[in-house]
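What follows is a short report on a single structure.
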Protein chains: 2
Amino acid sequence: MNSKIKWLRDKINQMDMQGMVISNPINIKYLTGIDAEGILLLTRKENFYITDGRYIEAVNTVLTIDDGIIVYDIKDVDNYDNEDFFMFCENVGFEDEYITYSKYKEYKQKYKINNMVETERIIEKQRSIKDKEEIENIKKACEITDNCFKHLLNYIKKGMTEKQIAYEIEKYFIENGADGVSFEPVVASGVNSSMPHAVPTNKKIESGDVITLDFGCKYNGYCSDMTRTIFVDYVQDYVKKVYDLVLKNQLQIQKSIKEGMTPKVLQKMVESDFNINGYTMVHALGHGVGLEIHEIPFINSKNENILRENMVITNEPGIYIPGSFGVRIEDTVLVTKGSCENLTKSDKNYIVIK
Amino acid sequence: MNSKIKWLRDKINQMDMQGMVISNPINIKYLTGIDAEGILLLTRKENFYITDGRYIEAVNTVLTIDDGIIVYDIKDVDNYDNEDFFMFCENVGFEDEYITYSKYKEYKQKYKINNMVETERIIEKQRSIKDKEEIENIKKACEITDNCFKHLLNYIKKGMTEKQIAYEIEKYFIENGADGVSFEPVVASGVNSSMPHAVPTNKKIESGDVITLDFGCKYNGYCSDMTRTIFVDYVQDYVKKVYDLVLKNQLQIQKSIKEGMTPKVLQKMVESDFNINGYTMVHALGHGVGLEIHEIPFINSKNENILRENMVITNEPGIYIPGSFGVRIEDTVLVTKGSCENLTKSDKNYIVIK
């Protein structure tokens with residue numbers, strides 16, 4: 001059995017569960033390496049992965065004997081098998097924050113489970129602490145992202161559309177060793193930059209524009225995430241004032257992130273400094289990054305769980321002036337014992353392109 | 001109030017519900033045009049959309065006074081408001097096949113709902129019947145897809161990688177008026193074509209390859225989906241035999257699709273003809289296409305709900321010989337009263353590229 005499944009079996013045993021139903025494909029990928037549609041069942045003694053004809057061949061290519069997972073084609077699984085899996089299990093865990101209400105009812109009935117127990121993201125919580133190999137993958141994704149930013153500074157010219165630039169980002173990633181983008185790139189220029197989640201449009205880049213570039217890639221399935229705000233031809237003083245305030249806070253947070261710090265405190269630090277200066281922090285300061293672009297831990301005013309060594313999170317304060325412009329600066333950051341390490345390393349001084 | 005929300009209010013009233021919580025963003029987009037993160041609450045008299053600071057500006061751009069939707073920033077909604085929304089509602093519907101078990105518990109508590117009623121995809125079912133504007137959007141997406149296929153036949157050359165071709169598909173869509181791809185394109189050559197859900201690799205196109213191209217785009221949010229299997233330099237007789245059988249079935253299904261037909265019967269037709277010839281149909285014959293690439297109705301051996309006029313579905317039989325090759329042929333199809341119309345129209349005879 002592989003070490004991640006062993007960890008999970010120990011964990012659920014400690015919680016007095018004799019089995020678990022896992023259906024979140026990202027959790028399954030994390031535990032097994034399998035990238036398909038199916039369900040993973042940890043029963044008293046064995047691990048089963050049930051998939052369908054489309055994936056059997058691919059799944060058997062990924063698994064080795066050491067994984068200790070028995071693969072079934074769903075066509076070969078009948079009602080008797082389903083009722084057998086958890087026969088002697090009193091409590092069976094399920095992903096209450098992933099599966100739908102109707103799936104919950106379906107599993108309970110199909111597998112004749114006495115007591116389905118909410119596991120409250122135990123796997124997602126474990127995923128938040130990255131091992132060496134995972135950190136290497138994220139570092140590589142961040143490196144490609146930094147290189148892409150360098151490329152963009154030469155590439156972006158007045159007259160190009162936001163869509164064209166977003167497309168260049170996707171192209172760069174594919175041609176430079178990434179699996180692809182980790183999310184649809186944000187390229188928001190001029191007034192569009194005032195929307196934190198702007199979608200690239202056909203607006204052309206003009207002199208005087210503020211451009212927010214929020215983008216990242218995947219490497220071996222692991223994500224990077226970075227935002228830089230740059231300028232075309234010149235930066236006006238009222239924009240500089242906002243930029244300086246965002247950057248000051250981003251650097252302050254960078255100095256504050258370390259094992260033991262709570263997300264809530266980080267969020268409040270930025271919120272209060274923005275408020276003092278007459279602005280508002282309208283979104284969360286950051287989020288975990290890993291197999292998913294947004295994952296545990298979430299850096300917001302509600303999260304009081306301390307940061308731990310080898311978590312990877314983003315640090316992304318932003319200010320948005322409706323109808324005018326916006327500034328966001330973001331790095332992907334590795335939490336260490338006494339400090340943190342920026343994994344995205346691109347320049348954060350004013351960058352003015354011509 | 002817009003016509004789609006009016007429809008839904010009538011529908012839930014008929015089902016003795018006085019309100020509904022809608023959180024599936026695709027359903028919200030369908031009902032309101034809003035493309036954001038938030039929750040739509042239909043209460044006794046009013047419609048509320050609750051979102052956060054990131055989206056307020058974008059949402060207010062989309063909605064008009066005629067939509068009759070009151071927009072709240074979640075920051076301004078307190079516990080008293082939450083308990084007020086459904087104050088005089090005995091039964092409140094929820095998307096039991098969309099929201100998680102833990103969200104179900106959260107909503108029930110937060111909104112103090114007496115009785116949360118499973119609505120079993122009422123909105124998704126309504127979405128399966130397309131109106132005129134929706135059909136126009138899908139037709140346009142299919143037209144761009146056909147043109148992309150024509151382009152690919154000139155573009156694909158021996159020595160190119162599958163990834164390069166997948167990337168060209170994405171590029172073509174972006175540069176030719178589509179919003180982007182409707183799903184990650186499948187480009188599977190040689191032995192890779194034996195996996196129905198192959199992911200493009202760095203394998204180069206070689207003489208003698210069978211290539212499966214499964215791709216589609218979005219236009220105004222609406223999807224297209226098409227598969228063609230083509231050949232490099234020559235087609236071997238044992239491949240022709242499989243291709244002919246798949247095509248025969250695809251054309252037979254095309255003749256059989258019409259209002260009143262059941263998906264189960266369509267699936268069984270292909271399964272039995274494949275079985276007679278010594279092959280197996282390992283996946284579903286098709287699926288609905290609309291705002292999502294896979295939506296109601298699903299064309300498989302379980303679905304006994306009849307097809308209706310103005311549904312848009314795929315027709316995609318396939319045969320996969322493990323370790324050797326595969327053939328799939330797929331069109332997006334509009335169901336009409338007495339027959340159907342192929343919306344993707346690309347050639348289905350043997351296509352051999354040099």
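The values are calculated or read from the model by the stated rules, or taken from the named source; none is laboratory data. Just so you know, these numbers come straight off a predicted model, no measurement behind them. Glycine also receives a Cβ, built like all others from the backbone with ideal geometry; neighbour counts cover every protein chain displayed.
Values for this structure:
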{"read-out": "Residues of region A:291-327 that turn out to be more than 13 Å from chain B (Cβ to nearest Cβ) and at positive phi, as a count", "value": "1"}
{"read-out": "Condition broken by A:L213, with the remaining ones in (1) among the aliphatic types (A, V, I, L, M); (2) within 25 Å of B:T51 (Cα to Cα); (3) more than 14 Å from chain B (Cβ to nearest Cβ); (4) out of contact with any Ser or Thr (no Cβ under 7 Å at 6 or more places or on another chain) satisfied", "value": "(4)"}
{"read-out": "So B:I313, is it in the same structural domain as B:V335 (by TED's automatic domain parsing), assigned to a loop (DSSP other than H, G, I, E, B), touching a His at 6+ places or on another chain (Cβ under 9 Å) and hydrophobic (A, V, I, L, M, F, W, C)", "value": "no"}
{"read-out": "Candidates B:K204, B:K157, B:K171, filtered to the one that is over 19 Å from the mean Cα position of the chain (by Cα), within 23 Å of A:N176 (Cβ to Cβ) and within 11 Å of chain A (Cβ to nearest Cβ)", "value": "B:K171"}
{"read-out": "Residue in region B:201-214 that is at positive phi and of a type outside the set (S, T, Y) present", "value": "yes"}
{"read-out": "Those residues of region A:269-298 which are surrounded by fewer than 16 Cβ atoms within 10 Å (Cβ to Cβ), of a type outside the set (V, I, T) and assigned to a helix (DSSP H, G or I), in sequence order", "value": "A:S272, A:N275"}
{"read-out": "Positions within region A:190-218 being under 18 Å from A:K348 (Cα atoms) and touching a helix residue (DSSP H, G or I) at 6+ places or on another chain (Cβ under 6 Å), in sequence order", "value": "A:D209, A:V210, A:T212, A:F215, A:G216"}
{"read-out": "Strands (runs of 3 or more DSSP E) enclosed by region A:35-124 - at least 2 residues per element that are within 14 Å of chain B (Cβ to nearest Cβ) and crowded, with 18+ Cβ neighbours inside 10 Å", "value": "A:91-94, A:115-118"}
{"read-out": "Residue within region A:136-156 that is assigned by TED's automatic domain parsing to the domain that holds A:T280, modelled with pLDDT under 95 and surrounded by 19 or more Cβ atoms within 10 Å (Cβ to Cβ) present", "value": "no"}
{"read-out": "Any pair with Cβ under 9 angstrom, 6 or more apart, that starts in region A:162-181 at a residue that is within 23 Å of A:I138 (Cβ to Cβ) and ends at one that is modelled with pLDDT of 95 or more and among the polar types (S, T, N, Q)", "value": "A:Y172/A:N147; A:F173/A:T145; A:F173/A:S182; A:N176/A:N147; A:A178/A:T145; A:A178/A:S224"}
{"read-out": "Subset of region B:178-189 (residues that are within 14 Å of chain A (Cβ to nearest Cβ) and not in a loop (DSSP other than H, G, I, E, B))", "value": "B:G180, B:V181, B:V186, B:V187, B:A188"}
{"read-out": "Number of the condition not met by A:K11 [criteria: (1) part of a helix (DSSP H, G or I); (2) more than 25 Å from the chain's Cα centre (by Cα); (3) of a type in the set (K, R); (4) away from every other protein chain (no Cβ under 14 Å)]", "value": "(2)"}
{"read-out": "Only one of A:Y243, A:Y238 that is more than 27 Å from A:F183 (Cα to Cα) and among the aromatic types (F, W, Y)", "value": "A:Y238"}
{"read-out": "Meets criteria (away from chain A (no Cβ under 14 Å), polar (S, T, N, Q) and buried (at least 17 other Cβ atoms within 10 Å of the Cβ)) for B:N27", "value": "no"}
{"read-out": "Leading residue by the ranking (farthest from A:V59 (Cα to Cα)) among those in region B:190-201 that are within 11 Å of chain A (Cβ to nearest Cβ) and assigned to a helix (DSSP H, G or I)", "value": "B:V191"}
{"read-out": "All positions within region B:183-216 that are without any contact (Cβ under 8 Å) to a residue 60 or more places away in the chain and surrounded by fewer than 20 Cβ atoms within 10 Å (Cβ to Cβ)", "value": "B:E184, B:H197, B:V199, B:T201, B:N202, B:K203, B:K204, B:E206, B:S207, B:G208"}
{"read-out": "Residues of region B:333-352 satisfying the condition of being part of a loop (DSSP other than H, G, I, E, B) and touching a helix residue (DSSP H, G or I) at 6+ places or on another chain (Cβ under 9 Å)", "value": "B:S339, B:L343, B:T344, B:K345, B:S346, B:D347, B:K348, B:N349, B:Y350, B:I351"}
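Per-residue answers, yes or no, for (1) outside any helix (DSSP H, G or I); (2) hydrophobic (A, V, I, L, M, F, W, C); (3) over 23 Å from B:V352 (Cβ atoms):
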{"site": "B:G208", "(1), (2), (3)": "yes, no, no"}
{"site": "B:T212", "(1), (2), (3)": "yes, no, no"}
{"site": "B:V239", "(1), (2), (3)": "no, yes, no"}
{"site": "B:K255", "(1), (2), (3)": "no, no, yes"}
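One line per residue, one yes/no per condition, for (1) hydrophobic (A, V, I, L, M, F, W, C); (2) in contact (Cβ under 8 Å) with a residue 24 or more places away in the chain:
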residue: B:I69; (1), (2): yes, yes
residue: B:E95; (1), (2): no, yes
residue: B:Y101; (1), (2): no, no
residue: B:E124; (1), (2): no, yes
